[in-house]
Amino acid sequence: MSKLIIANFKMNGTKSSIEEWFNTFSREANTSNEVIVAIPSPFLINFADNGIRVAAQNVSPYVSGAYTSQVSAEMLKDCGIEYSIIGHSESREFLKETDEDIFNKYNQLIKYSIKPVICIGEPLKIREDNLLQSFISSQLKYFEDLENELIIAYEPIWAIGSGLIPTVEDINEVSELIRGICKNVRILYGGSVNKENASNLLNNSNIDGVLVGGASLNPKEFANIAQSC
């Protein structure tokens, strides 16, 4: 089964640099894996129909109304978007998103047949205090026993951008926990994924793909990651 390889550009790029990225990636990549690229919202409509699936990085939990700066699921659908990241640790921290907010975002996306990529993950203090299971279980409480296929991206906060990678045992522990809570799930790993470690991560049978941050900004490196399995 092919793996799911998602690039998250975060708040990086311009229209011209993203166009150059897609051109370079298309030349470099030769993969049977499913590739998705999450780009900043101003450029979604420009690249939604370029042969590579494009994802949003977030969505509003509301249908419409007086929510200045927010982007609704209906707007994403109108742009031709098929996927959206929700619950990223940076959004949880800087935008103060709660687990309930993230579930409301999920419901908005499902209403418009957009596939949510639900991010979860713990800070280092939680792991050190042996609170990992209760923390992850709490993040997933709204998604327990849903029949829809879920895409869950496990991104331990302490690994994002740090160069640190959990051990295989650490990743498998969380994967088993997720599968014990969610009925039908594809599990991605995110957090300091790069061309050096991607192959080992993707060859883990408990992992169905990766969510790539900083390393995805280099199209040649991301092409290498996309071809790692």
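A short reminder: the numbers here are calculations on the coordinates, not readings from a lab. If you're wondering where the values come from, they're calculated on a predicted model, not measured in any experiment. So basically every Cβ, Gly included, is an ideal-geometry build from the backbone, and we count neighbours across all protein chains shown.
Here are a few things to note about the model shown:
- Identity of the residue in the stretch 208-229, in contact (Cβ under 8 Å) with a residue 60 or more places away in the chain and in a loop (DSSP other than H, G, I, E, B), that ends up nearest to K10 (Cα to Cα): G213
- Residue check for S205: assigned to a loop (DSSP other than H, G, I, E, B), free of Cβ contacts under 8 Å to residues at least 12 places away in the same chain and exposed (fewer than 15 other Cβ atoms within 10 Å of the Cβ): yes
- Condition check for S60: under 24 Å from K111 (Cβ atoms), among the hydroxyl-bearing types (S, T, Y) and buried (at least 18 other Cβ atoms within 10 Å of the Cβ): yes
- Selection within the stretch 24-39: residues that are in contact (Cβ under 8 Å) with a residue 12 or more places away in the chain and farther than 16 Å from A215 by Cα. The member of this set that is nearest to the chain's Cα centre (by Cα) is E34.
- Evaluation of N130 against (1) buried (at least 20 other Cβ atoms within 10 Å of the Cβ); (2) out of contact with any Cys (no Cβ under 8 Å at 6 or more places or on another chain) (one fails), failing number: (1)
- Residues that are without any contact (Cβ under 8 Å) to a residue 12 or more places away in the chain and outside any loop (DSSP other than H, G, I, E, B), drawn from the stretch 145-169: E169
- Selected residue (criterion: surrounded by the fewest Cβ atoms within 10 Å (Cβ to Cβ)) from residues of the stretch 180-202 that are farther than 29 Å from E19 by Cα and either touching a residue at least 60 places away in the same chain (Cβ under 8 Å) or among the small types (G, A, S) (or both): G180
- Members of the stretch 120-149 found to be under 18 Å from the mean Cα position of the chain (by Cα) and farther than 17 Å from E100 by Cβ, listed by number: G121, E122, P123, N148, E149
- Residue among S162, S113, S69 that is over 23 Å from A7 (Cβ atoms) and loosely packed, with under 15 Cβ neighbours inside 10 Å: S69
- Taking the numbered list (1) surrounded by fewer than 21 Cβ atoms within 10 Å (Cβ to Cβ); (2) under 15 Å from the mean Cα position of the chain (by Cα); (3) aliphatic (A, V, I, L, M) in turn, L177 passes all entries but (2).
- Meets criteria (crowded, with 21+ Cβ neighbours inside 10 Å, under 14 Å from the mean Cα position of the chain (by Cα) and under 25 Å from K15 (Cα atoms)) for I81: no
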